[in-house]
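**Student:** Before we start, here is the structure in question, set down as structure tokens.
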């Protein structure tokens, strides 16, 4: 820079906070973007299910068994109940309550892992294989799609929980916990229409 050239100060940013959370945080919007994209995936899969259902003379097709209700109900109830500790963790993150965030995140990791048990039995009691026909394929697609999101969020929660117990926790980590809690709410909400399609739509026909 030439010594004769003066420096012009455009603005003073020293008063801005060093970090933010919620809609003021760029990662929050990225998380919303993920949910919009993945929600669109669920919507497309659901649309495929409804299209196949309306084109078939019987749903499920003759010879195909209806999926069992027991394990899907246990999974659904467990998933809905998980919303209670999830909201508590979310509030702890917003209040920057360190111990609540640490132990709440650990609890959510355990809860998600326990949900794998009824989900595994749910797969075992679908009564149809994924390659048997179009009905089997779309049912498995919907269930695998949601299971992928459960596993993904569980893994993210485990990694986040380990970090919270082994590293210094700052505003960014509290924001991460908030985003993770929001994503679990998304997982819960996406399951409800999928559950209705797989288990109740065929029984309502």
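The values are calculated or read from the model by the stated rules, or taken from the named source; none is laboratory data. Fair warning: this is a prediction, and the values are worked out from it, not measured in the lab. Neighbour counts run over all protein chains shown; Cβ positions are idealised from the backbone, glycine included.
**Student:** Given 155, 186, which one is in a helix (DSSP H, G or I) and either surrounded by 19 or more Cβ atoms within 10 Å (Cβ to Cβ) or touching a strand residue (DSSP E or B) at 6+ places or on another chain (Cβ under 6 Å) (or both)?
**Tutor:** On the way: 155 fails: either surrounded by 19 or more Cβ atoms within 10 Å (Cβ to Cβ) or touching a strand residue (DSSP E or B) at 6+ places or on another chain (Cβ under 6 Å) (or both).
When all the criteria are applied, what remains is 186.
**Student:** While we're on this one: Does the stretch 123-137 hold any residues that are farther than 16 Å from residue 68 by Cα and in contact (Cβ under 8 Å) with a residue 24 or more places away in the chain, and which are they?
**Tutor:** So the first thing to find is which residues in the stretch 123-137 are farther than 16 Å from residue 68 by Cα, and the list is 131-134, 137.
Scanning the stretch 123-137 gives 132, 133, 134.
**Student:** Next question. Listed residues 86, 31; which is in contact (Cβ under 8 Å) with a residue 24 or more places away in the chain and either over 24 Å from residue 122 (Cα atoms) or loosely packed, with under 15 Cβ neighbours inside 10 Å (or both)? Let's see the steps before the verdict.
**Tutor:** Numbers: 86 fails: either over 24 Å from residue 122 (Cα atoms) or loosely packed, with under 15 Cβ neighbours inside 10 Å (or both).
It is 31.
**Student:** Another question about this same structure. Scan the stretch 45-72 residue by residue and report those that are under 22 Å from the mean Cα position of the chain (by Cα) and farther than 14 Å from residue 124 by Cα.
**Tutor:** Initially, the stretch 45-72 is screened for residues under 22 Å from the mean Cα position of the chain (by Cα), giving 45-49, 71-72.
Across the stretch 45-72, the qualifying residues are 45, 46, 47, 48, 49.
**Student:** Report yes if residue 174 is more than 17 Å from the chain's Cα centre (by Cα), in a helix (DSSP H, G or I), farther than 27 Å from residue 37 by Cα and in contact (Cβ under 8 Å) with a residue 24 or more places away in the chain, otherwise no. Give the derivation first.
**Tutor:** Details: more than 17 Å from the chain's Cα centre (by Cα): yes; in a helix (DSSP H, G or I): yes; farther than 27 Å from residue 37 by Cα: no; in contact (Cβ under 8 Å) with a residue 24 or more places away in the chain: yes.
Considered against the rule, which asks whether it is more than 17 Å from the chain's Cα centre (by Cα), in a helix (DSSP H, G or I), farther than 27 Å from residue 37 by Cα and in contact (Cβ under 8 Å) with a residue 24 or more places away in the chain, residue 174 comes out as no.
**Student:** Could you give me the residue pairs with C-beta distances under 6 Å whose first residue belongs to the stretch 43-59 and is more than 14 Å from residue 141 (Cβ to Cβ), whose second residue is modelled with pLDDT under 95 and loosely packed, with under 15 Cβ neighbours inside 10 Å wherever it lies, and which are 6+ apart or on separate chains?
**Tutor:** Short answer, once both residue conditions are applied: 59/205.
**Student:** Restricting attention to the stretch 10-28, report how many residues are at pLDDT 75 or above and surrounded by fewer than 12 Cβ atoms within 10 Å (Cβ to Cβ). Working first, answer last.
**Tutor:** Start the filter on the stretch 10-28 by keeping residues that are at pLDDT 75 or above, which leaves 10, 23, 26-28.
After this cut, where a residue has to be surrounded by fewer than 12 Cβ atoms within 10 Å (Cβ to Cβ) as well, the list is 10, 23, 26.
Residues in the stretch 10-28 being at pLDDT 75 or above and surrounded by fewer than 12 Cβ atoms within 10 Å (Cβ to Cβ): 3 in total.
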